[in-house]
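Below you'll find the structure, written out as structure tokens, and then a few comments.
Derivation of every value follows stated rules applied to the coordinates shown; laboratory data play no part. All figures in this text were calculated on a predicted structure; none of them were measured in a lab. Note that each Cβ is placed from the backbone with ideal geometry, even for glycine, and that neighbours are counted across all protein chains shown.
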Amino acid sequence: VMQKDFVLHYQPQVDIETGRIVAVEGLVRWESEDSGTILPGDFIPLAEETGLIGEIGEWVLREGCRQMKEWKDMGLPPRRVALNLSARQFGDKNFLETIVRVLADTGLEGNALELEITESQVMRQTEGVILLLNKIADMGIHIAIDDFGTGYSSLSYLKRLPIQKLKIDQSFIR
């Protein structure tokens, strides 16, 4: 799989009161010549199993930051790009260095980036996760918990995390 086979689609996040686009979420898709567009649920588990997720994840981080910097330089309004992290990326001991390098290479400020991790990723981890999340937050990067309500989060545990956003899973709302 080559990086040219991947593309990021951007979904706007809109302020419901003003109608303004305040952020965009980068959603990776695999554009296969044989099969057309392949959704993440169909290729991410395989990428994690084979170890390719690190390479794909870094490409997503780099491309999302590059695009956001380009939009900012053009004076366009989204203030932040939100990107999903896989459990494998989040567990990589060099992940923090990767973030620092990508921000430096693209010239994007940390406060223009939001990283999304799932509730189950957060709950599976321990003090090391809190430490990592605090280091990420210290860089000005926003942190969102995705799929909230699908795991067993305790609110007292969540209060220990430097998170700015909870994305509530639709199954929890139902």
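Some notes on this structure:
- MET139 versus LYS167: modelled label distance in nm, points set 7 Å from Cα along the beta carbon direction: 1.9 nm
- The charge dipole of the chain, taken about the Cα centre with unit charges on the Cβ atoms of Lys, Arg (+1) and Asp, Glu (-1), comes to about 640 debye, rounded to the nearest 20.
- Rg ratio for the chain: its Cα radius of gyration over 2.2 N^0.38 Å, N being its residue count, equals 1.03.
- Averaging 1/r over each pair of different alpha-carbon atoms in the range 32-130 and inverting the result gives 14.8 Å, the Kirkwood hydrodynamic radius.
- Two-site label geometry, THR50 and GLU17: point separation in nm, points 7 Å out along Cα→Cβ: 4.7 nm
- Averaged over residues, the count of other Cβ atoms within 10 Å places the peptides 13-22, 61-70, 74-83, 106-115 in the sequence 61-70, 106-115, 74-83, 13-22, highest first.
- Of LYS135/LYS159; LYS72/LYS93; LYS135/LYS165, those spanning more than 19 Å from alpha-carbon to alpha-carbon: LYS72/LYS93
- Counted charge near TRP71, where neighbours are those whose Cβ lies closer than 12 Å (Asp, Glu -1; Lys, Arg +1): +3
- Quotient of Cα Rg and 2.2 N^0.38 Å for the range 1-77, N being how many residues it contains: 1.27
- Nearest-0.05 FRET efficiency for ALA87 and ASP42, computed from C-beta distance (R0 25 Å): 0.90
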